[in-house]
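Undergrad: If you scroll down you'll find the structure; I have some questions about it.
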Amino acid sequence: MRCLKLEGRVLSVRSDGCLVSVGADVFRCGWRGRLRYDSQKILAGDIVEIEGGSGAWVVSRVLPRKNALTRPPFANVDQVIVVLSVVEPEVDPVVIDRLLVVLEREGISGVVCINKSDLYYDATADVARKVIEAYKIAGYPTAFTSAVTGEGLDTLASFLRGKVTVLAGPSGVGKSLLISKLTGSRQAVGDLSKIGRGRHTTKWVSLLPVAGDGYLADTPGFQKVDLVNVEPEKLSYLFREMVDLAPLCRFPRCLHKTEPGCRVKEAVSEGTVAELRYENYLRLLEECLEAWKRRYE
Ligand SMILES: Nc1nc2c(ncn2[C@@H]2O[C@H](COP(=O)(O)OP(=O)(O)OP(=O)(O)O)[C@@H](O)[C@H]2O)c(=O)[nH]1
Ligand SMILES: [Mg+2]
Ligand SMILES: [Zn+2]
C-alpha cells in the first residue's frame, strides 16, 4: 500500500492522538516513533507532517514554530483576544494586563474584549467603559460584546480574517458562547453556577475555521498566568503606551513608582496613560519585584 504524506494544522490534542486539518478534511492521527513519548510537546496550532493511508494516520514530524504559549497551550498564534466580563463573573481587569504582558514579550498581537454587555447595569457599565477606554488609549483593538444579543460581534469578527486567533480569559466570561456565535459551531457552554469551583467547561484547546481564511481557538479558562522572569526595570516596556515614555524619565532605571522626573507618571496625570493601566502596572511590578528577589534566595 502506498504511504501518503500530507501537511496540516493540529486542531486539538489529547493523550492518544490529535486532529489535524488538511484543506477541508480533518484526519484523526496517532503518534509515530519518538513523538509517541513526546506527544505532550505537540500543541494545537502546530503545523505537522502526517503519514498514512487507508484510514490510519500518524504524525511524523512537527514543523518549526513561529511562537508558542504555555497558558493557554498553543503554537503559531497570530493574535490573542483576551476576554473578560465585569459581571457574572466579576473579574479584575489586572487579568488582562497579565496576559497582555506575556503577549507583548512573545510578539503576539492582543485584542481586548469585554463580554456580556447585555448584563451591565449603571455601576458596572461605568467600570466596563473605563476598562475599554483604558485599552483603547493604550493602542489595543477593543470590542464590547454580548454573545447573547449579538452586540459587537461584527467588530470581533472583523479582527479574525486570515489570522489564527486564540480566545483566552478566565472561566465563565463567555469564550465558548462567543465562538459558537462566530463560527456557527456548537461549543460546550458552561453553567455559571459551577464555574469557579474548578469545573471548567472547556477542557481542551480546539481550533475552528472561520470565514475569511482564519482560525479561531477556544481554550479552557484559567485564573492566573504567571509573570515568569520579567525583570522589574523592563516591565514598563511590555506596556505598549509606556515604551516611548520610559526612556525619557530622569533616572534610567526608573520604576515609575515614586521617582522624581518620571515621564510615565506625568503621562498618567495628562491622561495619555490610563489610570487603570498604571494601577495594574504597579500591581504587576510588585509581583515582579517579589519574584526577582526570590530568584537569588
Ligand atoms: N448574559 C450573557 N451571558 C453570557 C454571555 N456569554 C456567555 N454567557 C453565559 O455565561 C456562561 C459561561 O459561558 P461560556 O461560554 O461557557 O464561558 P467560557 O469562557 O467558555 O468558560 P470556560 O470554558 O470555563 O473557560 C454560560 O452560562 C453562557 O450562557 C453574554 O454575552 N451575556
Ligand atoms: Mg469555554
Ligand atoms: Zn519613570
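Since every read-out is calculated from the coordinates, none of them should be taken as a lab result. What you see is a predicted model; the values in this text were computed from it and never measured. Reconstructed Cβ throughout: ideal geometry from the backbone, glycine too, with neighbour counts over all protein chains shown.
Undergrad: Could you tell me the largest-minus-smallest coordinate of the C-alpha atoms of the stretch 232-295 on each of the three principal axes, in descending order and whole angstroms?
TA: Ordered largest first, the stretch 232-295 gives principal extents of 36, 24, 19 Å.
Undergrad: Which one, Ile50, Val26, Ser60, is farthest towards the positive end of the dipole of the stretch 4-62 when Lys and Arg carry +1 and Asp and Glu -1 on their Cβ?
TA: Ranked along the dipole, the leading option is Ser60.
Undergrad: Moving on. When only C-alpha pairs under 8 Å and at least 6 residues apart count, what is the relative contact order of the chain, in percent? Walk me through the intermediate numbers first.
TA: Numbers: 558 pairs, mean separation 43.6, N = 297.
Reported relative contact order: 15 percent.
Undergrad: So, one more: Per residue and in cubic angstrom, what volume does the convex hull of the Cα atoms of the stretch 71-132 have? Before the final figure, lay out each step's value.
TA: On the way: hull volume 5.3 nm³, N = 62.
Looking at the stretch 71-132, the number lands at 86 Å³ per residue.
Undergrad: Sticking with this structure for a sec: Restricting to bridges with both residues inside the stretch 68-218, how much of the DSSP beta-bridge set is antiparallel, in percent to the nearest 5?
TA: Beta bridges within the stretch 68-218, antiparallel portion: roughly 30 percent.
Undergrad: Could you tell me the calculated FRET efficiency between Thr124 and Ala188, based on Cβ-Cβ distance and R0 = 25 angstrom, to the nearest 0.05?
TA: 0.40
Undergrad: Which entries of Lys203/Lys293; Lys41/Lys136; Lys175/Lys293; Lys136/Lys257; Lys41/Lys265 show an alpha-carbon separation above 32 angstrom in the structure shown?
TA: Over 32 Å Cα-Cα: Lys203/Lys293; Lys41/Lys136; Lys175/Lys293; Lys41/Lys265.
Undergrad: Can you list the lysines whose alpha carbon sits under 16 Å from that of Lys130, skipping same-chain ones fewer than 8 residues off?
TA: Lys116
Undergrad: List Lys163, Lys41 from most exposed to least, where exposure is judged by having the fewest other Cβ atoms within 10 Å.
TA: Going from least to most buried by this count: Lys41, Lys163.
Undergrad: Normalising by the residue count of the stretch 232-295, find the relative contact order in percent from Cα pairs under 8 Å and 6+ residues apart.
TA: Over the stretch 232-295, the number comes to 30 percent.
Undergrad: So what are the three principal axis dimensions of the stretch 66-175 from its Cα atoms, in whole Å, longest to shortest?
TA: 43, 27, 26
Undergrad: Reported to two decimal places, what Rg/Rh ratio describes the chain when computed on Cα atoms with Rh from the Kirkwood expression?
TA: Checking Rg against Rh, the ratio lands at 1.01.
Undergrad: Mind checking which helices in the chain clear 15 Å along their axis (Cα) and have mean Kyte-Doolittle hydropathy of -0.5 or more, DSSP H runs only? List each step's numbers first, then the result.
TA: Working: long enough: 94-106 (18 Å, 1.02); 122-138 (25 Å, 0.09); 275-295 (30 Å, -1.10).
The qualifying helices are 94-106, 122-138.
Undergrad: Between Leu63 and residues 5 or more places away or on another chain, which pairs have amide H atoms under 5 Å apart, with H built 1.01 Å from N, and which residues are they?
TA: Close amide H contacts, sequence-distant or interchain: Ile47, Val48, Glu49.
Undergrad: Out of all DSSP beta bridges with both ends in the chain, state the antiparallel percent to the nearest 5.
TA: Here the share of antiparallel DSSP bridges comes out near 60 percent.
Undergrad: Return the FRET efficiency for the residue pair Glu231, Glu279: r is the Cβ-Cβ distance, R0 is 22 Å, and the value is rounded to the nearest 0.05.
TA: 0.60
Undergrad: Report the full-extension gain for the segment Ala291 to Lys136: residue separation times 0.36 nm, less the Cα-Cα distance, to one decimal in nm.
TA: Gain on extension, Ala291 to Lys136, equals 52.8 nm.
Undergrad: Are there cysteines in the chain with no second cysteine's Cβ under 4.7 Å away, and if so, which?
TA: That list is Cys3, Cys18, Cys29, Cys113, Cys262, Cys288.
Undergrad: Loop only by DSSP, 15 or fewer other Cβ within 10 Å of the Cβ. Give me the GluC sites (Glu not before Pro) in the stretch 61-109 that pass, ordered by residue number.
TA: When the GluC sites (Glu not before Pro) of the stretch 61-109 are filtered for loop state and at most 15 Cβ neighbours within 10 Å, Glu90 remain.
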